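The values are calculated or read from the model by the stated rules, or taken from the named source; none is laboratory data. Here the structure is a predicted model, which means the values were calculated and not measured. Counting neighbours? That spans all protein chains shown, and the Cβs are built from the backbone with ideal geometry, glycine included.
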Amino acid sequence: MSRLSEALDQLDFTRRYLLERVNTVPLAEWFTVPAGGVSHVAWQVGHVASSEYRLCLERLRPRTPADEALISDAFLKTFGRESLPEPETGFNAEEIRAVFDRVHAQILAELPHYPDADLDLPPLKPHPLFDTRIAGLRYAPLHEMIHCGQIAMIRRMLGQKPIW
């Protein structure tokens, strides 16, 4: 199995694991910050979509005009690094979920054709935790799993039973 195939398999595994948790939270509860909490599912899902785009596409190839339809600049700003889980984001739960699904589908469609020789190049935009494109792809599911844990905690604080 190639390095790229392994990275994509890990991304897909992590997404399926995350979806088991996300899919149990009704869209009507996505903007609920539980008592004692600091975040909501809508921000977590939007942040995962934004981060996956930046880690798996934007750092491997330049942003294209088609990317604006995939994930808008406004979405990237609202859910990007150092953004906060505001009660109003300008996006509803359905829109956030659609971007989340679209970005992942685009990655799974586009990256299997990415040249192996380019995986050892530096990312187009630097990142403090890695210095090659393959390392960025390997980091993406780790980052997503961090937010999966946060979503799991939020859903528990919303009264749901744990998923094992």
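Below is a table of values for the structure above.
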quantity: Of the criteria (1) closer than 17 Å to Arg16 by Cβ; (2) without any contact (Cβ under 8 Å) to a residue 60 or more places away in the chain; (3) surrounded by 17 or more Cβ atoms within 10 Å (Cβ to Cβ), which one Phe130 fails; calculated: (1)
quantity: Flag for Arg61 being within 24 Å of Leu8 (Cα to Cα), outside any helix (DSSP H, G or I) and in contact with a Phe, Trp or Tyr (Cβ under 9 Å, 6 or more places away or on another chain); calculated: yes
quantity: Matching residues, segment 50-91, being in contact (Cβ under 8 Å) with a residue 60 or more places away in the chain and surrounded by fewer than 17 Cβ atoms within 10 Å (Cβ to Cβ); calculated: Arg61, Pro62
quantity: From the options Ala28, Ala109, Ala69, residue that is in a helix (DSSP H, G or I), among the hydrophobic types (A, V, I, L, M, F, W, C), closer than 17 Å to Arg155 by Cα and modelled with pLDDT of 95 or more; calculated: Ala28
quantity: So Leu137, is it exposed (fewer than 14 other Cβ atoms within 10 Å of the Cβ), in a helix (DSSP H, G or I) and either at positive phi or modelled with pLDDT of 95 or more (or both); calculated: no
